[in-house]
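The values are calculated or read from the model by the stated rules, or taken from the named source; none is laboratory data. The model shown is predicted, which means the values in this text are computed figures rather than measured ones. A quick note on method: Cβ atoms are made from the backbone with ideal geometry, for glycine too, and the neighbour counts reach across all protein chains shown. Keep in mind that these areas ignore ligands, DNA and RNA; they rest on the heavy atoms of the full protein, side chains included. Shrake-Rupley method; radii C 1.70, N 1.55, O 1.52, S 1.80 Å.
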Amino acid sequence: MEAAGSGAAPGCIDLHDFSGQLGEQRVHFHAMRLQDSLFLWVGAAPALSSLAVAMCSPRDSVPVSTSLLGDPSDTASACLAQRLAKKTKKQVFVSYNLPNTDSSFTLLIENRIKEEMMAFPEKF
């Protein structure tokens with residue numbers, strides 16, 4: 001695990017990198033905490049094949065989301081962004097760059113992120 005940035009000054013970007021062995025695959029995570037939002041990259045190799053954003057709405061209990069980059073029929077980034085937006089109450093950008101979008105595997109991904117959020121809440 002590696003982390004950079006102090007997060008002390010308003011407007012600064014706080015970086016946090018971590019990884020995990022999920023099943024048979026090594027997955028890397030890169031989080032950038034911004035003033036009122038979070039950018040999370042998930043992948044096994046350097047790529048940016050998808051990007052989605054989600055944010056809470058005062059009119060709905062489910063955060064709204066949209067795909068910004070990549071195949072709009074691939075909902076892995078948008079779904080993960082929605083769940084994290086609901087948990088953090090922030091605008092969340094997610095880039096999910098793994099071929100495995102099976103629901104049980106994405107649950108492992110989400111649990112690994114939540115584990116890291118509990119250990120390092122100041123990074124998210």
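Given the structure, is D60 closer than 19 Å to E122 by Cβ, surrounded by fewer than 12 Cβ atoms within 10 Å (Cβ to Cβ) and more than 13 Å from the chain's Cα centre (by Cα)? Criteria not met by D60. Residues in segment 11-27 that are more than 16 Å from N97 (Cα to Cα), among the small types (G, A, S) and free of Cβ contacts under 8 Å to residues at least 40 places away in the same chain: G11 only. Looking for something assigned to a helix (DSSP H, G or I) and closer than 23 Å to G11 by Cβ - is there at least one such residue anywhere in segment 25-48? Within segment 25-48, not a single residue is assigned to a helix (DSSP H, G or I) and closer than 23 Å to G11 by Cβ. Checking each residue in segment 63-100 for being among the aliphatic types (A, V, I, L, M), within 11 Å of the chain's Cα centre (by Cα) and farther than 22 Å from Q35 by Cα picks out only A76. Close Cβ contacts (under 6 Å, 6 or more residues apart or on different chains) running from residues in segment 52-75 that are on the phi < 0 side of the Ramachandran plot and among the polar types (S, T, N, Q) to residues that are open to solvent by 60 Å² or more (accessible area, probe 1.4 Å) and at pLDDT 95 or above comprise S57/V64. Taking N100, is it of a type outside the set (S, T, Y), without any contact (Cβ under 8 Å) to a residue 12 or more places away in the chain and either open to solvent by less than 50 Å² (accessible area, probe 1.4 Å) or closer than 20 Å to H30 by Cβ (or both)? It is false that N100 is of a type outside the set (S, T, Y), without any contact (Cβ under 8 Å) to a residue 12 or more places away in the chain and either open to solvent by less than 50 Å² (accessible area, probe 1.4 Å) or closer than 20 Å to H30 by Cβ (or both). Among the listed residues A3, A31, identify the single one that is modelled with pLDDT under 95 and either open to solvent by 50 Å² or more (accessible area, probe 1.4 Å) or touching a Phe, Trp or Tyr at 6+ places or on another chain (Cβ under 8 Å) (or both). Criteria check complete, one pass: A3.
For segment 81-95, the condition holds for at least one residue, the condition being that it is surrounded by fewer than 14 Cβ atoms within 10 Å (Cβ to Cβ) and assigned to a loop (DSSP other than H, G, I, E, B). The residue of segment 103-124 that is nearest to D36 (Cα to Cα), among those that are open to solvent by less than 60 Å² (accessible area, probe 1.4 Å) and free of Cβ contacts under 8 Å to residues at least 60 places away in the same chain, is M117. Only one residue in D17, D36, D74 is surrounded by fewer than 19 Cβ atoms within 10 Å (Cβ to Cβ) and farther than 21 Å from K123 by Cβ. Which one? Answer to the selection: D74.
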